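The next block holds one structure in the form of structure tokens; read it before the comments.
The values are calculated or read from the model by the stated rules, or taken from the named source; none is laboratory data. The structure presented is a predicted model; accordingly, all values stated were derived computationally and were not measured. Cβ: placed from backbone, ideal geometry, glycine included. Neighbour counts: every protein chain shown. Surface areas here come from the heavy atoms of the whole protein model, side chains and all, with no ligands, DNA or RNA. Shrake-Rupley method; radii C 1.70, N 1.55, O 1.52, S 1.80 Å.
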Amino acid sequence: MPPRTATEPEPGPGPRADDLLAWYDRHRRVLPWRALAGEMPEPYRVWLSEVMLQQTTIAAVRPYFERFLTRFPDVFALAEAPEEAVMSAWAGLGYYSRARNLHACAKAVAATGGRFPETADGLRKLPGIGAYTAGAIAAIAFDRQEAAVDGNVERVLSRVYAVEMPLPGSRPEIRRLTQALVPEDRPGDFAQALMDLGATICTPKRPACALCPWMRPCRARALGIQETFPRKIKAAKGALRRGAVFVAIRSGDEAVLLRTRAPEGLLGNMAEPPGSAWEPDYDVAAALLDAPLDARWKRLPGLVRHGFTHFPLELAVFVARVALSTPAPAGMRFTPRSALDDEPLPGLMRKVLAHAFDPKPEPEKKPRGRPRKEPPPMPLLAAMEAPVSMPDPEPRPRVRAVPKPQPKPAAAPPPEADELFEGEVEQPAGAPPPRRRGPARRRS
């Protein structure tokens, strides 16, 4: 066993179910699918809520749950409904395979008299029910001593026990630790208390440890590293995919051309405007080759973006107005705009139709990195003021140069008559003497 470091606290008593249940009795949330204190839970409502809450928030599920119950009040009504109606009621919740499994499960339960199995093993044999959902239904609806481990419970238990192994590899260990805490008395309340604790106190960021009933036994809090749990391996996201979608609007009744996707794969059996395949290297310039019919297609500005679990998607939207007499291509149908709410349109396709009827321009992309700081604008008055200049240096004293005196030329004696040379001219009297540059040469 490795030696204990100075910063690691001494192990104390572990978490107790009684402390959590006492906190739950004071702070339990009131939810549409949750039975009040002293009431017996209804298995149909528990099952329906647990399926809806998979990978979805309570705020998103609440309005869907109430509308779903109004439309399908019991498991028999749900089993007898056509699949299109079930998918339409589910549209917007995402992960549409859950809706197909929900319908199949309702048929299986209705075929056995409408009673759900009471054990986790029996529940897991039904379509769409995994380990977590089986444990939750068995504990909450039938008071079985079963652990229900969802994302909230994984976060709470990984912090309480400081589980170092990252998810998803640590799930079996977290499930074992949770199962060991489930009490014989009130296992359903214990399961819901753990969910409430993770949703309201032991939140992913900035948990309210001072209000937690398990504050003292929490090892991660004692170490001061509670926000680092649970450990996770960052999953690599898939490459961006692109495609085109074509919204044909029929003049007169504003009907939209729709088709139903294949039952297998992503968004199976859901409705959509026809479009192209979604591919990383899709060429939008050649998108008209994928158009469902000949029309004057116009590409709208902007893109419709959507994020799936494994990849992001960008769709270019093309719109065309067609005549009222235009027949729908094979396998497609025109649905009036007023009846689109009855179609099983997923959230992505509802965004496409909203963009088609009210296109939004592409937002400007802001440059990455720190914004360049511009110099502050010069005040108007400062711009009008005369520029400040330095005073001129004092002028140096000026000294007037004194010209050098020119030497006075010596007076030459007047030449004699017999000394005149050939070619020389005798100057008249009073004229200045001629300037001589050198001694005269005699001719030989």
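Structural remarks
- Top-ranked residue of segment 150-162 - restricted to ones that are open to solvent by 20 Å² or more (accessible area, probe 1.4 Å) and not acidic (D, E), ranked as nearest to L197 (Cα to Cα): N152
- Whichever residue in segment 253-301 is among the β-branched types (V, I, T) and more than 24 Å from the chain's Cα centre (by Cα) and, among such residues, is surrounded by the fewest Cβ atoms within 10 Å (Cβ to Cβ): T260
- Filter result for L53 (surrounded by 16 or more Cβ atoms within 10 Å (Cβ to Cβ), at pLDDT 95 or above and closer than 27 Å to V156 by Cα): no
- In segment 109-128, residue nearest to N152 (Cα to Cα) [restricted to those that are assigned to a helix (DSSP H, G or I) and open to solvent by less than 40 Å² (accessible area, probe 1.4 Å)]: A120
- Scanning segment 320-331 for residues that are open to solvent by less than 50 Å² (accessible area, probe 1.4 Å) and either among the acidic types (D, E) or over 33 Å from the mean Cα position of the chain (by Cα) (or both) yields V322, T326, A328, P329.
- Tally of residues being in contact (Cβ under 8 Å) with a residue 24 or more places away in the chain, of a type in the set (A, V, I, L, M, F, W, C) and buried (at least 19 other Cβ atoms within 10 Å of the Cβ) across segment 166-180: 1
- Residues of segment 226-249 classified as open to solvent by less than 40 Å² (accessible area, probe 1.4 Å), out of contact with any helix residue (DSSP H, G or I) (no Cβ under 7 Å at 6 or more places or on another chain) and either under 30 Å from A162 (Cβ atoms) or not β-branched (V, I, T) (or both), total: 4
- Selection count where residues are over 38 Å from the mean Cα position of the chain (by Cα) and either surrounded by fewer than 14 Cβ atoms within 10 Å (Cβ to Cβ) or at pLDDT below 95 (or both), scope segment 8-40: 12
- The residues of segment 332-347 that are in a strand (DSSP E or B) and open to solvent by less than 30 Å² (accessible area, probe 1.4 Å) amount to a single one, T335.
- Counting residues in segment 95-105 that are touching a helix residue (DSSP H, G or I) at 6+ places or on another chain (Cβ under 9 Å) and more than 18 Å from L126 (Cβ to Cβ) gives one or more.
- Meets criteria (within 28 Å of E83 (Cα to Cα) and modelled with pLDDT under 95) for A285: no
- For D196, the criteria (1) open to solvent by less than 20 Å² (accessible area, probe 1.4 Å); (2) without any contact (Cβ under 8 Å) to a residue 60 or more places away in the chain; (3) of a type in the set (D, E, K, R) hold in every case but one, which is (2).
- Members of segment 348-358 found to be in a helix (DSSP H, G or I) and either open to solvent by 30 Å² or more (accessible area, probe 1.4 Å) or at positive phi (or both), listed by number: R350, K351, A354, F357
- Per the conditions (1) open to solvent by 40 Å² or more (accessible area, probe 1.4 Å); (2) farther than 14 Å from L102 by Cβ; (3) at pLDDT below 95; (4) not in a helix (DSSP H, G or I), the sole criterion not satisfied by P63 is (4).
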